[in-house]
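The values are calculated or read from the model by the stated rules, or taken from the named source; none is laboratory data. Note that the coordinates shown come from a computational prediction; the quantities given were computed from them, not determined experimentally. Here the Cβ positions follow ideal geometry from the backbone for every residue, glycine too, while neighbour counts run over all protein chains shown. Calculation scope for accessible area: heavy atoms of the full protein, side chains included, ligands and nucleic acids excluded. Shrake-Rupley method; radii C 1.70, N 1.55, O 1.52, S 1.80 Å.
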Amino acid sequence: VHLLESGGGLVQAGGFLRLSCAVSGLPFTNYAMGWFRHAPGKEREFVAGINFLRTSTYYADSVKGRFTISRDNAKNTAYLQMNSLRPEDTAVYYCATHNRGAFASRESYDNWGQGTQVTVSS
């Protein structure tokens with residue numbers, strides 16, 4: 001199983017980025033997906049989740065209205081559109097496959113990518 005994030009980078013506050021997560025080695029359409037982030041000195045935290053049918057999405061309060069999670073099951077890829085970025089969004093962003101349990105819990109995910117760095121300057 002392999003998850004590969006891309007699309008991170010350096011952006012000014014108020015800007016936007018689109019992260020991608022390419023998944024291989026498992027039946028992508030059988031899995032819900034999630035995005036987490038890990039900032040220095042903080043715990044890895046839930047950002048967004050989407051079920052495998054794309055009928056339900058979940059967001060951390062800190063990103064609601066600014067970030068959008070989506071997926072393209074034909075491309076085995078999940079996305080995270082991040083708008084109105086803030087310096088506090090600076091972190092390494094990870095995608096993961098959801099196994100069972102609450103979307104916001106790290107323990108609910110069993111496969112993780114290596115992460116992509118997002119840096120937002122003020």
Cut-off under 5 Å, modelled amide H: who pairs with ARG71 long-range:
TYR79
Kirkwood hydrodynamic radius of region 41-88 from all distinct Cα pairs, in Å?
11.9
For region 23-38 and region 98-113, write down the distance between their C-alpha centroids in whole Å.
9
Relative contact order for the chain using alpha-carbon pairs under 8 Å, separation at least 6, rounded to a whole percent?
35
In Å², rounded to a whole number, the accessible area per residue of the chain with probe 1.4 Å is 51
Show me, for region 111-122, the HN-Hα J-couplings you get by feeding each phi into the Karplus relation (A = 6.51, B = -1.76, C = 1.60, θ = phi - 60°), rounded to Hz, glycine and proline as x.
10, 10, x, 7, x, 9, 7, 10, 10, 10, 8, 8
Expected unfolding gain across ALA102-THR57 under the 0.36 nm per residue rule, minus the alpha-carbon gap, is 15.0 nm
Quick one: work out the % antiparallel among DSSP beta bridges in the chain, nearest 5.
90
Quick one: 3J(HN,Hα) in Hz for region 39-44, Karplus 6.51/-1.76/1.60 with θ = phi - 60°, rounded, Gly and Pro as x.
9, x, x, 10, 6, 5
With eigenvalues of the C-alpha gyration tensor scaled by 5 and rooted, the chain, Å
22, 14, 14
Share of accessible surface on carbon and sulfur in the chain, whole %, 1.4 Å probe and ligands ignored, is 49
Counting pairs of alpha carbon atoms under 8 Å apart in space and at least six apart in sequence, what relative contact order in percent does region 82-122 give?
51
At a 1.4 Å probe radius, which order do ASP110, ASP72 fall into by accessible area, largest first?
ASP110, ASP72
So for the pair ASP110, HIS2, with labels modelled 7 Å out along Cα→Cβ, what separation do we get in nm?
2.1
